[in-house]
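Asks: The structure follows.
The values are calculated or read from the model by the stated rules, or taken from the named source; none is laboratory data. Here the structure is a predicted model, which is why all the values come from computation and not from measurement. Using ideal geometry, Cβ is built from the backbone for each residue, glycine included, and neighbour counts are taken over all protein chains shown. Surface areas here come from the heavy atoms of the whole protein model, side chains and all, with no ligands, DNA or RNA. Shrake-Rupley method; radii C 1.70, N 1.55, O 1.52, S 1.80 Å.
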Protein chains: 2
Amino acid sequence: MALMLLNRHTTWALQQSSRIFAGGFRGISQVAAKIDMEFDYDGPLMKTEVPGPRSRELMKQLNGIQNAEAVHFFCNYEESRGNYLVDADGNRMLDLYSQISSIPIGYSHPSLIKLLQQPQNLSTFVNRPALGILPPENFAEKLKESLLSVAPKGLSQVVTMSCGSCSNENAFKTIFMWYRVSKSYMDALGGWSLLKVGYRENIHFLFAFQPPGCPEYSMLSFMGAFHGRTMGCLATTHSKAIHKLDIPSFDWPIAPFPRLQYPLEDFVRENEQEEARCLEEVEDLIVKYRKKNKVVAGIIVEPIQSEGGDNHASDDFFRKLRNIARKHGCGFLLDEVQTGGGCTGKFWAHEHWGLEDPADVLTFSKKMMTGGFFHKEEFRANAPYRIFNTWLGEPSKNLLLAEVISVIKREDLLSNVTHAGKVLLMGLLELQSRYPHLISRARGRGTFCSFDTPNDATRNKLIEIARNKGVVLGGSGDRSIRFRPTLVFRDHHAHLFLNIFSDILAAFK
Amino acid sequence: MALMLLNRHTTWALQQSSRIFAGGFRGISQVAAKIDMEFDYDGPLMKTEVPGPRSRELMKQLNGIQNAEAVHFFCNYEESRGNYLVDADGNRMLDLYSQISSIPIGYSHPSLIKLLQQPQNLSTFVNRPALGILPPENFAEKLKESLLSVAPKGLSQVVTMSCGSCSNENAFKTIFMWYRVSKSYMDALGGWSLLKVGYRENIHFLFAFQPPGCPEYSMLSFMGAFHGRTMGCLATTHSKAIHKLDIPSFDWPIAPFPRLQYPLEDFVRENEQEEARCLEEVEDLIVKYRKKNKVVAGIIVEPIQSEGGDNHASDDFFRKLRNIARKHGCGFLLDEVQTGGGCTGKFWAHEHWGLEDPADVLTFSKKMMTGGFFHKEEFRANAPYRIFNTWLGEPSKNLLLAEVISVIKREDLLSNVTHAGKVLLMGLLELQSRYPHLISRARGRGTFCSFDTPNDATRNKLIEIARNKGVVLGGSGDRSIRFRPTLVFRDHHAHLFLNIFSDILAAFK
């Protein structure tokens, strides 16, 4: 079916791009020859506006069941392939958002389909175990094949979870428990000894919510950060007010995140000062909260603030931040839920910093198919059932992930991301130079690129127009457009997008 | 393979039971004839002690990756069928714990296997969408076939989540948001109007963690309750201190849960008084926390406290509690994560109360394959992205659930649960009368049964012996043994268990 569609509509992309070239865009002239014939389409194919009549009908239905106002359109995932998302009205779009950055190797990848078809794997999808007490025989083996084969430096331990929020929640707990154990001065307060002498005797401490049973530890986070929406996570999430409105929160410290000026080479001194200011504030907050008896047990940060508007800081900023965490005895938690899995050109975004000891704990989800976190051995829960829930992730996700990682290695997709990302970013910079009133601050690492628009309304209009021209884009922050393609997004996809988008910008009013 | 094993070991159960009968147990004399030949084994088959050498070897491996001290043994899920769990050493056990109550219709159910084998379903397992923005075409249809076909009375809305904790976290948020909207007096404080006038202008309220942006609302929960382990949930979980130790918490009210005396018919007046005392305390706490400016926006309760020790209260208690919630304007949230899905003989445990308006919000997970919550229309999020995350559950789980519900209806499994549950409870009461020094407070609804042992050590020893005799049991609270079989647990499984357990009790020292 995919191939039939392919043959039928082969010429669309070329027609599109030649039309656009006629419009005068010459910066990116190469339509790449390589097409993943096996499982990718060769270009967008639009039949209706998006959302089309079928999607709009389905929205009404769904809206009777739940608030469906966030739905963009409905999808036909059976027909979606590679980098192309097909909607319920038969429109086929180049997908640069990939389900909020959560599809690693494209839709309907043949290797994953094959995995499902193997009879020996059926049980894994049907019999979901309580992994903490009754794991399958091959559990450790699959963890080694999948997650541990890409473990960040120094983080030998891994625990799986069902989603990103649960990963961060449990990473917080891991850090709080570690903090209690690691701070010998707490022993004087009867803290750690609580666990040693048995739990039941001390139950009154815990239920009264008083220290030392439930200490008033805090996690330091950054303005503009997004770490999830459950109540612990939400206390560290500060990307949009709507996420937090009406929900009680913890009083935890929030530091400013650097607001870099672009182009970076023109603002070296200003950006250094800005980063120094933020780091100073981090240290001040640690001291301030210690005085308030809300000790900062950990610092959580994204290598690139993703939901909050694709806010980057320099590698040097993160190296210094890591040192501050160490200096003050705080656990250092990297949230790589969105940046992890290869989209920056390295498997984990923090690898760009070149640190020997990059983190104490690192959380993942999205492209990794399963949630979870890596951590150092000294952060291990010191008793069973302390980091626990019924499912603790799912073996079928580990199975899929093992195959995804194998494809990433086999097809050298990190190099692909680096290369395609360069094409994309170069193109964006070119467009920025031609349309400075529409595009600014073009930035990115790998294909994890973005640019700013003048305002929210312009951004949303550009996203809408692009969608109707067959390109799915996502927003981040209050005026940015973010690129979150799959790892099989190749140079020719970048060219295709740039040609279409150039046309849009030229015609934009 | 399953059938081969069946033939080879057919005689084990009968040998076992006749040996036990010789030991003198006559209360339950019928070994049922009906065996689900298609996908169930006919009895336990033990080859080694449990954990056996292979499991112990695997534990060592896993313990190098994460704290594996909670692991009971490793499983061979491919060989597990129906009510029987096969371990990595080839031991086959009657499973009355079913992965902490999360396997609805037994292992490797042929209907679910078939579902996986249908080519049109492959995409659903491979292409996981961001459901809140890009749902599959059949999303509303599958919700109707699955969750909405068993929606609790009055709860027309449903949102899916990935696990039980996320379900409760988002149910809390739903109640907090509803509370803000529903309480017109908040308008005077600028509360609800915050959302109306736009978010960005009010961002300072939210980030400062000050009312009215992030109000100090609270959820009232009960001593002994378990509602999950993420930080919001954990503030309402009070079953074991180890869950809460070292983790910061909210100051939210905790009411006593009735501690009923058994047999119920001998303690009618005492139990009524006990329940009245607890209800009075609930009202006192609501008043007290209102005065503290930590308004109780909602009450969360399990129809049967499950992790906390299988603590039951009367239907009348819950009817009165529901009235208290209504009287004080608190959202009433039923956590049916463990009690839901049919194991009490009704699809939801609260149906036993016979209420017209049983709840405002109800959470589920485990046997439902997906997490999530039902709620009344007036509890709908009033703007998109307020209840949201990347995945919001998973369509493949809805697909499996639709089939599970179809099997439950087709095979009338609720009647089966009621019947098999009676056999089980009658047998437990019989054993209690013969071994009162070992078994007390036998209680249950459907197959959701339990009894108390004299202490933690005896309980754990009984569980261990049972396991080595081929029966997997679970504990709850500090001295209870809980039964959480699948919905295809039938009379003959109850007889088989009772025979084996009678033998264990007779020999127990």
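Asks: Please give the per residue volume of the convex hull enclosing the alpha carbon atoms of region A:416-489, rounded to a whole number of Å³.
Replies: 79
Asks: Report the Rg/Rh value for region B:128-410, based on alpha-carbon coordinates and the Kirkwood definition of Rh.
Replies: Across region B:128-410, the Cα-based Rg/Rh ratio is 0.97.
Asks: Also, quick follow-up: Tell me, how many Å apart are the Cα centres for region A:255-305 and for region A:50-86?
Replies: Using only Cα atoms to place each centre, the spacing works out to 40 Å.
Asks: Over all directions, what mean area does the Cα convex hull of chain A project, stated in square nanometres?
Replies: Value for chain A: 25.3 nm².
Asks: If the reach is capped at under 25 angstrom between alpha carbons, list the lysines near A:Lys422, excluding any in the same chain fewer than eight residues apart.
Replies: Correct list for A:Lys422: A:Lys34, A:Lys346, A:Lys366, A:Lys367, A:Lys409, A:Lys469.
Asks: What's the buried accessible area, both sides, between B and A using a 1.4 Å probe, rounded to 100 Å²?
Replies: Interface between B and A: roughly 11100 Å².
Asks: Follow-up question, since we're still on this one. In whole angstrom, how far apart do the alpha carbon centroids of region B:414-457 and region A:320-336 sit?
Replies: First find each Cα centre; the distance between them is then 52 Å.
Asks: Further question: Please compute, for peptide B:250-258, the average count of beta-carbon atoms on other protein chains lying within 10 Å of each residue's beta-carbon.
Replies: 2
Asks: Same structure again: In degrees between 0 and 90, to the nearest 10, how far off the longest principal axis of chain B does helix B:456-468 point, with axes built from Cα atoms?
Replies: Orientation of helix B:456-468: about 50 degrees from the principal axis.
Asks: Let me ask you something else. If each of B:Asp284 and A:Ala506 carries a label point 7 Å out from its Cα toward its Cβ, how far apart are those two points in nm?
Replies: 7.8
Asks: Rg over Rh of region A:463-509, using C-alpha atoms and the Kirkwood radius, what does it come to?
Replies: 0.97
Asks: Copy-to-copy spacing for A:Pro454, label 7 Å out on the Cα-to-C-beta vector, in nm, shortest first?
Replies: 8.3
Asks: Please provide three numbers in whole Å: the alpha-carbon extents of region B:207-345 along the principal axes, with the largest listed first.
Replies: Cα spread of region B:207-345 along its principal axes, largest to smallest: 55, 30, 27 Å.
Asks: Residue by residue, what Karplus-based ³J(HN,Hα) values in Hz, rounded to whole numbers, does region B:364-375 have, using 6.51, -1.76 and 1.60 with θ = phi - 60° and x for Gly and Pro?
Replies: Going residue by residue, I get 9, 5, 6, 4, 7, 6, 10, x, x, 8, 8, 7 Hz, with x marking Gly and Pro.
Asks: Name the residue from B:Thr363, B:Ala383, B:Phe318 whose Cα lies farthest towards the positive end of the charge dipole of region B:128-410, charges +1 on Cβ of Lys and Arg and -1 on Cβ of Asp and Glu.
Replies: B:Ala383
Asks: Could you give P(r) for region A:324-457, binned at 10 Å from zero, as whole percent values over all Cα-Cα pairs?
Replies: 11, 29, 30, 21, 8, 1, 0
Asks: From the cross-link list A:Lys240/B:Lys376; B:Lys144/B:Lys397; A:Lys183/A:Lys376, which pairs have alpha carbons spaced over 21 Å apart?
Replies: The pairs that break the limit, which is 21 Å between Cα atoms, are A:Lys240/B:Lys376.
Asks: Contact order normalised by length for region B:128-410, with contacts defined as Cα pairs under 8 Å and 6 or more residues apart; what percent is it?
Replies: 30
Asks: Tell me, what % of the accessible area of the protein assembly as shown is carbon and sulfur with a 1.4 angstrom probe?
Replies: C and S fraction of accessible area: 53 percent.
Asks: What accessible area per residue comes out for region B:128-410, rounded to a whole number of Å², with a 1.4 Å probe?
Replies: Accessible surface, normalised per residue, equals 31 Å².
Asks: Mind checking the alpha-carbon convex hull of region A:101-190 and giving the volume per residue in Å³?
Replies: About 159 Å³ per residue, rounded to a whole number.
Asks: Further, regarding this structure: Once you have the Cα-Cα distance between B:His437 and B:Ala276, take 0.36 nm times their residue separation minus that, and quote the gain in nm to one decimal.
Replies: Stretched out fully, the B:His437 to B:Ala276 stretch lengthens by 54.9 nm.
Asks: Can you list the aspartates and glutamates whose alpha carbon sits under 13 Å from that of B:Lys292, skipping same-chain ones fewer than 8 residues off?
Replies: B:Glu216, B:Asp251, B:Asp284
Asks: Give the calculated FRET efficiency between A:Glu351 and B:Lys292 to the nearest 0.05, with a Förster radius of 45 Å applied to their Cβ-Cβ distance.
Replies: Calculated value: 0.40.
Asks: Could you work out, residue by residue across A:54-62, how many beta carbons of other chains sit within 10 Å of that residue's beta carbon, and then give the average as an integer?
Replies: Counting Cβ atoms of other protein chains within 10 Å of each residue's Cβ and averaging gives 3.
Asks: Same structure again: Taking a virtual spin label 7 Å from the Cα of B:Gln120 along the C-beta vector, which residues in region A:87-130 bring their backbone nitrogen under 17 Å of it?
Replies: A:88
Asks: Grab the DSSP H runs of the protein assembly as shown that are 4 residues or longer, score each as -39,500 (n - 2.57), total them, divide by all residues and round the 222 nm result to the nearest 500 deg cm²/dmol.
Replies: Computed ellipticity for the protein assembly as shown at 222 nm equals -11500 deg cm²/dmol.
Asks: For the protein assembly as shown, what is the convex hull volume of the alpha-carbon atoms per residue, in Å³?
Replies: Value for the protein assembly as shown: 155 Å³ per residue.
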